[in-house]
Amino acid sequence: MTPITTTAQLQAFCDRIAGDPFIAVDTEFMRESTYWPKLCLVQVAGPSDSAVIDPLADDMDLAPLLALLGDPGIEKVFHAARQDVEIFNNLGVMPRPLFDTQIAGMAAGFGEQIAYDALVRQMLKIELDKSSRFTDWARRPLSQAQLDYALADVTHLAALYPTLRDRLASSGRLAWVQEEMAQVTDPANYDTDPENAWRRLKPRKHSAKYLAVFRAVAAWRERTAQTRDQPRGRIIKDEVIDEIANQAPTDADGLNRLRSLQKGFAGSRFGPELIEAIRTALKDPEGYAPRIERNGGPPNPASGAIVELLKVLLKARAEEAGVASKLIATVADLEKIANDDHADTGALHGWRREAFGEDALKLKRGELALVLDGTRVRVVEVRRAPRAAAD
């Protein structure tokens, strides 16, 4: 098997599989030392054909592949799709419709975030060769063993997909996975606008001054990382942004007093740029600070205990349904529900509300109880005694 290394070869391959109902897709990329992922290989397999595509080849334009990924008549099958989707989104196409076999595996009862090799082992009874797992995919030429390893990632994926999809359809859970796919393919998840970089972090305060500086520093770091093509953490760490927002330094001396910044940072090329970003934000902190919605009312003083009860309820309901609990709700979801019956969380919408959210609210209201029955937790309704009539 030889990789596709020219645009003409790629076009011919895409023409051959254009009529397939689905294609399995995987990528190999490097990003340990860069901001932008460097795409090194693309593997594609459908019912009719399969190939390994070399995007680093001199005579290669990925346009035919990108057109195929954007075709709404072909389902694109990935495993743990987010990083692959990010790459293709950066190249200008959102692969829709999409089917993520890791999420599907969670809905089908294969456990939390099941790995690809484990899913292949359980569904196809095949043990994958992992010898090329830590390959430097940017080096050329690639060996036949490396190419075979890469192609196996999608040929097995294409083989297990129809069975997994049918299993979900027969259990009435295919719609659950499709709802998840809408989230995975939401472009907002892959937004690289520096002004929105603060959203992927966790501000700890709500004052306008703090939030304005927090946003400005996050935007400066994102812009710098993009321009220099370096990981965000090599510019400054996430925790440094919080300290800078707390202290709001506006000169080199102020930066030098920050314990989380490396010595000499203020005198580096980054120092003056960061100071200028902070000063600009502080000219109008009320106008520049992001608006953050607070969950309804003050924190529930019993929220810690409520979260622990909700964890037990979630585990019980997930086991009953044969679904990975993480697919239904996260700890962050439980914390929101503990504080607010109307919290903006996926656990209180759609199929998750039916599977868990409604019972979570009933548990909070004292309408459900958790009972230990041997080694198993049962969820039982609480029958309240009628109130005595007033004399």
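Annotations for the structure displayed:
- Within segment 103-161, being in contact with a helix residue (DSSP H, G or I) (Cβ under 7 Å, 6 or more places away or on another chain), in contact (Cβ under 8 Å) with a residue 60 or more places away in the chain, more than 18 Å from Leu327 (Cβ to Cβ) and in a loop (DSSP other than H, G, I, E, B) holds for one residue alone: Thr135.
- If you go through segment 57-71 and keep only what is among the aliphatic types (A, V, I, L, M) and out of contact with any Asp or Glu (no Cβ under 8 Å at 6 or more places or on another chain), you end up with Ala57, Leu62, Ala63, Leu65, Leu66, Ala67, Leu68, Leu69.
- The condition (being part of a loop (DSSP other than H, G, I, E, B), modelled with pLDDT of 90 or more and not polar (S, T, N, Q)) is satisfied by just one residue among Pro272, Pro290: Pro290.
- Index of the failed condition, Pro55 passing every other in (1) in contact with a helix residue (DSSP H, G or I) (Cβ under 8 Å, 6 or more places away or on another chain); (2) in a loop (DSSP other than H, G, I, E, B); (3) surrounded by 15 or more Cβ atoms within 10 Å (Cβ to Cβ); (4) not β-branched (Val, Ile, Thr): (1)
- Selection status of Lys315, farther than 28 Å from Gln113 by Cα, outside the structural domain of Trp176 (by TED's automatic domain parsing), of a type in the set (D, E, K, R) and part of a helix (DSSP H, G or I): no
- Check on Leu39, assigned to a loop (DSSP other than H, G, I, E, B) and modelled with pLDDT of 95 or more: no
- Residues of segment 162-181 that are in a loop (DSSP other than H, G, I, E, B) and crowded, with 18+ Cβ neighbours inside 10 Å: Arg173 alone.
- Within segment 232-247, the set of residues being acidic (Asp, Glu) and in contact (Cβ under 8 Å) with a residue 24 or more places away in the chain comprises Asp238, Asp242.
- Tally, over segment 312-350, of residues that are closer than 19 Å to Met106 by Cβ and under 20 Å from the mean Cα position of the chain (by Cα): 17
- Residue match in segment 131-140 (condition: among the acidic types (Asp, Glu) and either buried (at least 17 other Cβ atoms within 10 Å of the Cβ) or within 22 Å of the chain's Cα centre (by Cα) (or both)): no
- For Arg387, the conditions (1) modelled with pLDDT of 90 or more; (2) charged (D, E, K, R); (3) assigned to a loop (DSSP other than H, G, I, E, B) all hold with the exception of (1).
- Residue that is in the same structural domain as Thr34 (by TED's automatic domain parsing), within 25 Å of the chain's Cα centre (by Cα) and not acidic (Asp, Glu), where the choices are Val240, Val177: Val177
- Of the criteria (1) at pLDDT 95 or above; (2) of a type outside the set (Val, Ile, Thr); (3) in contact with a helix residue (DSSP H, G or I) (Cβ under 7 Å, 6 or more places away or on another chain), which one Ser48 fails: (1)
- Pairs where the first residue, in segment 182-208, is outside any helix (DSSP H, G or I) and the second is small (Gly, Ala, Ser), C-beta under 8 Å, 6+ apart: Leu201/Ala218; Pro203/Ala245; Lys205/Ala245
- Options Val331, Val312: the member that is without any contact (Cβ under 8 Å) to a residue 40 or more places away in the chain and either of a type outside the set (Gly, Ala, Ser) or buried (at least 20 other Cβ atoms within 10 Å of the Cβ) (or both): Val331
- Lys205 vs. criteria surrounded by fewer than 19 Cβ atoms within 10 Å (Cβ to Cβ), over 21 Å from Asn89 (Cα atoms) and at pLDDT 95 or above: no
- All positions within segment 31-50 that are among the small types (Gly, Ala, Ser), closer than 26 Å to Cys14 by Cα and loosely packed, with under 15 Cβ neighbours inside 10 Å: Ser48
- Residue pairs whose Cβ atoms lie under 6 Å apart, sitting 6 or more positions apart in sequence or on different chains, and linking a residue in segment 18-33 that is more than 14 Å from Pro97 (Cα to Cα) to a partner that is part of a loop (DSSP other than H, G, I, E, B), are Glu28/Trp137; Phe29/Pro37; Met30/Ala138; Arg31/Pro37.
The values are calculated or read from the model by the stated rules, or taken from the named source; none is laboratory data. Since the model is a prediction, treat every value here as computed from it, not as a measurement. All Cβ positions, even for glycine, are placed from backbone atoms using ideal geometry, and neighbour counts span all protein chains on display.
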